[in-house]
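Encoded as structure tokens, the structure appears first; notes follow it.
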Amino acid sequence: MIDRQMVEEIVVEVLKRHMGEVEGGKPKLSVISAAAVDEQTIKVLERHWKPVVMDPSDNDVQENADQAVFLQVDQDLLVKSATGITDTDESRLFAELMLQGSDIHFVLHDKLRWIASNSEKAPNINARYKEMLIGYYEKLLDYGVSFTEVDQLGQGKIENRDDWIFKEKLLTQTILEKWQDRVIHVSTHTIVTPLARDTARERNIKIIEYEAEEVGT
């Protein structure tokens, strides 16, 4: 005779594992860092997640690592993850998680925060070199990587593609002067004014056009 209660318990457990849930209903978050993760960071993440610290040198990637965050991402990992190079523990782990279909979040090192936000003052470096680094950032966005902060993750805020899609019919200079991201996706039906294009160029904001159905307009 089938024990219905036992079957129900098994189904619930399977669903929890599939959704990455743990005790308290919090989703699991794999935390990856080359340096030791400080206690305060863990406490912040625990507001919304069940953080599980992963050692980048560990060869066994957890199969249920649906959500993963790399902390203090430096230029080495930024470039290698964007170009598919896997000659370090962190870049190898990034590739493994990508192939597994995990949602990956990057928290940039303080020296690189300007790359992901126009609100951060960019360093006084060669313009072409700066453009190159922003190009790697844009590649990672295309791969589905989100760029965030520990505090945002602690509040359960996850950046996704909708955060940098502009769905209105007219893109103006005023809008781009206030735009905080390095990329803006617009429908092919969106009118972009000449001044808006000039502002995007001056502020290093990349305008990417998609067919209307791709941006949900």
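FYI, it's all coordinate maths here, none of it is from the lab. The structure displayed is predicted, hence computed values, not measured ones. Heads up, the Cβs are rebuilt from the backbone with ideal geometry, glycines too, and the neighbour counts pull from every protein chain shown.
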Let me know the shape class of segment 163-215, please: from the alpha-carbon gyration tensor, a ≥ b ≥ c as square roots of the eigenvalues, rounded when a/c is under 1.5, otherwise prolate if a/b is greater than b/c, or oblate.
prolate
How high is the FRET efficiency between Q180 and K139 when r is their beta carbon distance and R₀ equals 22 Å, given to the nearest 0.05?
0.65
By per-residue mean of other Cβ atoms within 10 Å, what is the highest-first order of 126-137, 84-95?
84-95, 126-137
Rh (Kirkwood, all Cα-Cα pairs) for segment 17-159, Å, reads 15.6
Taking θ = phi - 60°, what integer Hz values does the Karplus form 6.51 cos²θ - 1.76 cosθ + 1.60 yield along segment 72-83, in sequence order, with x for Gly and Pro?
6, 5, 9, 5, 4, 6, 4, 5, 5, 5, 6, 9
Approximate spin-label separation D38-A95, in nm, with each point projected 7 Å along Cα-to-Cβ
3.3
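What's the Kirkwood radius of segment 94-139 in Å, using all Cα pairs? Let's see the in-between values first.
Working: mean 1/r = 0.0820 Å⁻¹.
Every distinct Cα pair counted, the radius reaches 12.2 Å.
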Derived scalar couplings ³J(HN,Hα) [segment 181-190; Karplus, 6.51 cos²θ - 1.76 cosθ + 1.60; whole Hz; x for Gly, Pro]:
9, 8, 10, 9, 9, 10, 5, 5, 8, 6
Do the alpha carbons of any pairs in K178/K206; K111/K178; K121/K167; K139/K178 sit beyond 19 Å of each other, and which pairs?
K111/K178; K121/K167; K139/K178
Taking amide H atoms as placed 1.01 Å from N in the peptide plane, list the residues 5 or more away in sequence, or in a different chain, whose amide H sits under 5 Å from that of S30.
V52, Q67, A68, V69
